[in-house]
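The values are calculated or read from the model by the stated rules, or taken from the named source; none is laboratory data. Only a predicted model underlies this, so the values are computations on that prediction, with no experimental measurement involved. Here the Cβ positions follow ideal geometry from the backbone for every residue, glycine too, while neighbour counts run over all protein chains shown.
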Amino acid sequence: MTQATNRSAPRRDASDVVVETRNLSKVYRDFWGRSKKTALKPLDLDVRRGEIFGLLGPNGAGKTTTLKLLLGLIFPTSGEALVFGRAATDVSKNERIGYLPEESYLYKFLDAEETLDFYGRLFGLDPEERRQRAATLIEMVGLTRDRKRQLREYSKGMTRRIGVAQALINDPELVILDEPTSGLDPIGTREMKDLIIDLKARGKTVIMCSHLLADVEDVCDRIAVLHQGELKELGRVEDLLRVTGVTQIRATGLSPAAAAEVKAVLQRHGAGDIDIGNPRTTLEDLFLEVVRDTEARPGRRARRTETAAQRAE
């Protein structure tokens, strides 16, 4: 793993990189070929095998465009995207990918078992393998009691669950999830996050988009923050949320006498907390800071300030 926003770090072995973009951009044009909207400015990033990578950004930031480029659903204006070392436009790579779109398009008159059987057929799985995988995935996403109900009777949260199961029917190496916790109650959200973490434990690589910043903070190893089609922050979550310039000292299990002695020493040196390390802001604070800074300084990389540190105190 690289440190936060460290683009000059040594590159890992190519076999460790599952997704890579090089100067990737997308400009939507009108009928006469005139530039209509720059959806994605030149983007350079990589996603490594076995990690959970989060894409963050407000509506119109370029997240969905990035996913569509990776899936080969649209073509780049410039640059390239590589998935498993192949061009993203190579559709043969998609058999190794599981995808949950923001809106699941499923056949409403099929039940959960029939839905997974249908998608298993598309991947050429034999009947016994389809049956076993469907049963395992239905239990994994918590729909065992509702497996015989038609999808038209499902709530939005239940639809998201069966959508995740559908994305995993081919046992993919790379799982792309767009708003995976949308519509789920707090318990379902926690179960979904546990499922995503379990996918990593099983050796899967996960890319997820979400507007729910706490969810991303809980599960992602690294994140990229996009705003107005431009990459603004990239790095490990723990590094991006660490507030520099402030040191905390905490201690547990000290006797009252020892605590008093430590406190006295710290107070003499102008310190007041008993916690050594860097305090963390929240992902929400980081996100809003990046957006505000971008709007104040268009076209510039986000500049970290100490306002988040002051709020953390």
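Against the numbered list (1) touching a helix residue (DSSP H, G or I) at 6+ places or on another chain (Cβ under 6 Å); (2) buried (at least 17 other Cβ atoms within 10 Å of the Cβ); (3) within 25 Å of Thr205 (Cβ to Cβ), Leu82 comes up short only at (1). Among the residues of the range 64-107, those identified as of a type in the set (Asp, Glu) and over 24 Å from Thr159 (Cβ atoms) are Glu80, Asp90, Glu95.
Within the range 199-233, which residues are part of a loop (DSSP other than H, G, I, E, B) and more than 18 Å from Asp178 (Cβ to Cβ)?
Arg202, Gly203, Asp221, Gln228
Applying the set (1) out of contact with any Phe, Trp or Tyr (no Cβ under 9 Å at 6 or more places or on another chain); (2) at pLDDT 90 or above to Pro172 leaves exactly one unmet item: (1).
In this structure, Leu199 does not satisfy being among the aliphatic types (A, V, I, L, M) and closer than 26 Å to Ser25 by Cβ.
How many residues are hydrophobic (A, V, I, L, M, F, W, C), crowded, with 18+ Cβ neighbours inside 10 Å and in a helix (DSSP H, G or I) if we restrict to the range 169-194? Residues that pass the stated criteria total 1. Of the residues making up the range 94-105, those that are in a loop (DSSP other than H, G, I, E, B) and either at pLDDT 95 or above or surrounded by fewer than 18 Cβ atoms within 10 Å (Cβ to Cβ) (or both) are Pro101, Glu102, Glu103, Tyr105. Checking each residue in the range 26-64 for being acidic (Asp, Glu) and either outside the structural domain of Glu80 (by TED's automatic domain parsing) or under 18 Å from Ser78 (Cα atoms) (or both) picks out Asp30, Asp44, Asp46.
Please find, among Arg130, Arg152, the residue that is surrounded by 14 or more Cβ atoms within 10 Å (Cβ to Cβ) and over 16 Å from Asp198 (Cβ atoms).
Arg130
Once the range 195-240 is narrowed to residues that are of a type in the set (Lys, Arg) and more than 24 Å from Asn23 (Cβ to Cβ), the residue that is surrounded by the most Cβ atoms within 10 Å (Cβ to Cβ) is Lys204.
Annotation: Asn278 fulfils all but one of (1) under 28 Å from the mean Cα position of the chain (by Cα); (2) farther than 18 Å from Val225 by Cβ; (3) modelled with pLDDT of 75 or more; the unmet one is (3). Which condition number does Gly79 fail, the rest of (1) more than 13 Å from Lys26 (Cβ to Cβ); (2) not in a loop (DSSP other than H, G, I, E, B) being met? Among (1) more than 13 Å from Lys26 (Cβ to Cβ); (2) not in a loop (DSSP other than H, G, I, E, B), Gly79 violates only (1). Ile187 satisfies every condition listed in (1) among the hydrophobic types (A, V, I, L, M, F, W, C); (2) closer than 20 Å to Val206 by Cβ; (3) under 20 Å from the mean Cα position of the chain (by Cα) except (2). Candidates Leu184, Leu168: the one that is touching a helix residue (DSSP H, G or I) at 6+ places or on another chain (Cβ under 7 Å) and closer than 16 Å to Tyr119 by Cα is Leu168. Kindly check whether there is at least one residue in the range 153-165 that is part of a helix (DSSP H, G or I), farther than 16 Å from Ile97 by Cβ and of a type in the set (Ser, Thr, Tyr). Checking the range 153-165: at least one residue is part of a helix (DSSP H, G or I), farther than 16 Å from Ile97 by Cβ and of a type in the set (Ser, Thr, Tyr).
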